[in-house]
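J.: Mind looking over this structure? Questions follow.
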Amino acid sequence: MSKLRAAAAGGLRRSGRRAASPAGKSRKGALLRGAGAPASAPAPPPAQHLFSDPAEIQALRGNLLAWYDKCKRDLPWRTLAATEPDADRRGYAVWVSEIMLQQTQVATVIDYYNRWMQKWPTLQALAQASLEEVNELWAGLGYYSRGKRLQEAAKKVVSELDGRMPRTAELLQKLLPGVGRYTAGAIASISYGQATGVVDGNVIRVLCRLRCIGADSSSPAVTDWLWDMANAVVDRSRPGDFNQALMELGATVCVPKAPLCGECPVKKQCRARHRVEKELALASQKLLGKPTPVPDVEDCGVGDCPLCPPAAEPWDSSLGVTNFPRKAAKKQPRAARTATCVLQRRGCHGAPEYLIVQRPSSGLLAGLWEFPSLPVAQDLQEEKQREVLADHLQAWMGQPVAAGGLQFIGEVVHIFSHIHQTYVVYSLPLDGDVTLDPSSPQSRWVTEEEFHASAVSTAMKKVLKAYEKQRGKESNPSMGPKRKRGTKMQRASSTSPGTQLSLHAFLRAPTAL
């Protein structure tokens, strides 16, 4: 028996029924009734924050689905999900899209998705690919560990689950590495029709505005309530379409800034919108000199409500519905500095070739290729920086490298999600064949075309662009000193512009004065 069947059978034996979806573990009854949570659980928030009226829920579903049917974007993964008859291929197609769309805009993903599905249309095809091939296709999409984990999970499905995708959110999350609660819910609802909700950034924004949820939406307690709400409102007959509609609404109408409230299909169910309209009506009455009642500020009125805005951050009338959601202040990325060197030689056909080396198989940018690089301290002096970089290059080349031969190109800034990375770029042009140390880690010489086809990060492409721009300025001094954001170009300090060192001169130690 496969692990998939064993896991499903185990769930049946333990519970005497089908394995429960995440919704089965939720406080769904409390959400629909506004009360009735188990005695051991915290009391639910007041009905102000809940979907407590079945008629309202039904209206929300109908309005949202009607809008989605009319206004949804034509996206390749939606086409495959709707037309692919094979359940495993359908689940795989949705899975790939959901992994690619994490932290990445739809417009960026479309081309990558089409190329991926053309190259690896099935789980079996992906399982047979090499990690190098996966990294090459993923290059430029960011968050590179996603592609690696996707392939690892595909191999597991093929080798341990008989090539059959798990059919429920619970089993998807349990059996597939790299598949979390959101991805599992999306695959199960869109591909297999399981009535389970999903919660991503777009859904959080929509739900928080619909129910005036002003507590920190990234906190575990609020996240749990949002999942319960998503599971409570999901349409039972069209769960996949409903979840996509909710996400589509957040991506195209209920956007973070300047939302298009007039075009929103669920504005009648939006309590944040109701609050804005009441405030406008009260302001209008006041301008006309009419007596105004005490404004209903639409807070639930319960002290220490877990979903209301904190007292220190009350409703701001100037923000309207964008008062919601609230998030804790984002942690600033840490600053990091790396010295990198563009080593260039003339290839056998006269075209320039560059030395690239492979990063370790774990950690940031795992398995990708880069110019020889090493982290340096923020306050390291340039002279010392050259010395440590020369020592690092010596490890690759197997022979002494003169620090004075390194030409300073400039600094290139690249922002990762958690790192503000500055690359201090040097170059080392060589005019002869250079044999690399055979004991060195994996390395290779590549042409510019081969470089761009390799699994290199966007940051390294920026480095090469900075190098080529400086080389063009040196060969044509009349070029203007145009600057590009994120790149600071400076003239080499120790070598005359346009000078190409011979291999002999480069390897020769500096002469003492």
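The values are calculated or read from the model by the stated rules, or taken from the named source; none is laboratory data. In this text, all values refer to a predicted model and were calculated from it rather than measured experimentally. Virtual Cβ from ideal backbone geometry, glycine too; neighbours counted across all protein chains shown. To get the accessible areas, we keep the full protein, side chains included, count just its heavy atoms, and leave off ligands, DNA and RNA. Shrake-Rupley method; radii C 1.70, N 1.55, O 1.52, S 1.80 Å.
J.: Looking at segment 216-264 only, could you name the residues that are small (Gly, Ala, Ser), in a loop (DSSP other than H, G, I, E, B) and under 21 Å from the mean Cα position of the chain (by Cα)?
T.: Hits for segment 216-264 are 217, 218, 219.
J.: Kindly check whether there is at least one residue in segment 287-294 that is of a type in the set (Ser, Thr, Tyr) and modelled with pLDDT under 75.
T.: yes
J.: Mind counting the residues in segment 334-363 that are free of Cβ contacts under 8 Å to residues at least 40 places away in the same chain and among the polar types (S, T, N, Q)?
T.: Residues in segment 334-363 being free of Cβ contacts under 8 Å to residues at least 40 places away in the same chain and among the polar types (S, T, N, Q): 2 in total.
J.: Here's something else I'd like to know. Among the residues of segment 309-333, count how many are touching a residue at least 60 places away in the same chain (Cβ under 8 Å), open to solvent by less than 90 Å² (accessible area, probe 1.4 Å) and out of contact with any Cys (no Cβ under 6 Å at 6 or more places or on another chain).
T.: Selection size over segment 309-333: 9.
Quick grid of which residues meet (1) in a loop (DSSP other than H, G, I, E, B); (2) modelled with pLDDT of 95 or more; (3) among the basic types (Lys, Arg); (4) touching a Lys or Arg at 6+ places or on another chain (Cβ under 8 Å):
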position	(1), (2), (3), (4)
177	yes, no, no, yes
186	no, yes, no, no
191	no, yes, no, yes
194	yes, yes, no, yes
203	no, yes, no, no
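J.: Only residues that are among the aromatic types (Phe, Trp, Tyr) and open to solvent by 10 Å² or more (accessible area, probe 1.4 Å): list them for segment 121-153, please.
T.: Passing the criteria: 143, 144.
J.: Please tell me if residue 236 is out of contact with any Ser or Thr (no Cβ under 7 Å at 6 or more places or on another chain), closer than 20 Å to residue 187 by Cα and open to solvent by 10 Å² or more (accessible area, probe 1.4 Å).
T.: It is true that residue 236 is out of contact with any Ser or Thr (no Cβ under 7 Å at 6 or more places or on another chain), closer than 20 Å to residue 187 by Cα and open to solvent by 10 Å² or more (accessible area, probe 1.4 Å).
J.: Would you confirm, using the coordinates I've provided, whether residue 363 is over 19 Å from residue 406 (Cα atoms) and touching a strand residue (DSSP E or B) at 6+ places or on another chain (Cβ under 6 Å)?
T.: No.
J.: Now for a different question. Do you know which of the residues in segment 30-54 that are open to solvent by 70 Å² or more (accessible area, probe 1.4 Å) and not in a loop (DSSP other than H, G, I, E, B) is modelled with the lowest pLDDT?
T.: 33
J.: Identify, from the list 326, 359, 386, the residue that is out of contact with any Phe, Trp or Tyr (no Cβ under 8 Å at 6 or more places or on another chain) and among the charged types (D, E, K, R).
T.: Answer to the check: 326.
J.: Which residue pairs have Cβ atoms under 6 Å apart, sit 6 or more places apart or on different chains, and have a first residue in segment 45-56 that is within 17 Å of residue 308 (Cβ to Cβ) and a second that is aliphatic (A, V, I, L, M) and open to solvent by 30 Å² or more (accessible area, probe 1.4 Å)?
T.: Between residues of segment 45-56 that are within 17 Å of residue 308 (Cβ to Cβ) and residues that are aliphatic (A, V, I, L, M) and open to solvent by 30 Å² or more (accessible area, probe 1.4 Å), the close pairs are 46/302.
J.: Test residue 57 against the stated conditions and say whether it is at pLDDT 90 or above and surrounded by 19 or more Cβ atoms within 10 Å (Cβ to Cβ).
T.: Criteria not met by residue 57.
J.: Please verify whether residue 62 is closer than 21 Å to residue 207 by Cα and modelled with pLDDT under 60, treating the condition exactly as stated.
T.: No: the conditions fail for residue 62.
J.: Restricting the search to segment 205-215, which residues are β-branched (Val, Ile, Thr) and in a loop (DSSP other than H, G, I, E, B)?
T.: Within segment 205-215, 213 is the sole residue that qualifies.
J.: Got at least one residue in segment 249-266 being surrounded by fewer than 14 Cβ atoms within 10 Å (Cβ to Cβ) and in contact with a Lys or Arg (Cβ under 9 Å, 6 or more places away or on another chain)?
T.: First pass over segment 249-266, keeping only residues surrounded by fewer than 14 Cβ atoms within 10 Å (Cβ to Cβ): 256-258, 260, 262-263.
If we keep only those that are in contact with a Lys or Arg (Cβ under 9 Å, 6 or more places away or on another chain) as well, we get 256.
Yes, segment 249-266 contains a residue that is surrounded by fewer than 14 Cβ atoms within 10 Å (Cβ to Cβ) and in contact with a Lys or Arg (Cβ under 9 Å, 6 or more places away or on another chain).
J.: Would it be correct to say that residue 69 is open to solvent by 60 Å² or more (accessible area, probe 1.4 Å), under 17 Å from residue 189 (Cβ atoms) and assigned to a helix (DSSP H, G or I)?
T.: Yes: the conditions hold for residue 69.
J.: Determine, yes or no, whether residue 188 is touching a strand residue (DSSP E or B) at 6+ places or on another chain (Cβ under 8 Å) and over 22 Å from residue 253 (Cβ atoms).
T.: no
J.: Does residue 298 satisfy the condition of being at pLDDT below 85, more than 23 Å from residue 141 (Cα to Cα), open to solvent by 20 Å² or more (accessible area, probe 1.4 Å) and out of contact with any strand residue (DSSP E or B) (no Cβ under 8 Å at 6 or more places or on another chain)?
T.: yes
J.: Continuing with the same structure: Run residue 415 past the list (1) closer than 20 Å to residue 445 by Cα; (2) open to solvent by 40 Å² or more (accessible area, probe 1.4 Å) and report the number of the one that doesn't hold.
T.: Residue 415 satisfies every listed condition except (1).
J.: Something else about it: Pull out all pairs, ordered by first then second residue, where Cβ-Cβ is under 6 Å, the residues are six or more apart or on different chains, the first lies in segment 152-175 and is among the acidic types (Asp, Glu), and the second is at pLDDT below 95 and in a helix (DSSP H, G or I).
T.: Partner pairs satisfying both residue conditions: 160/3.
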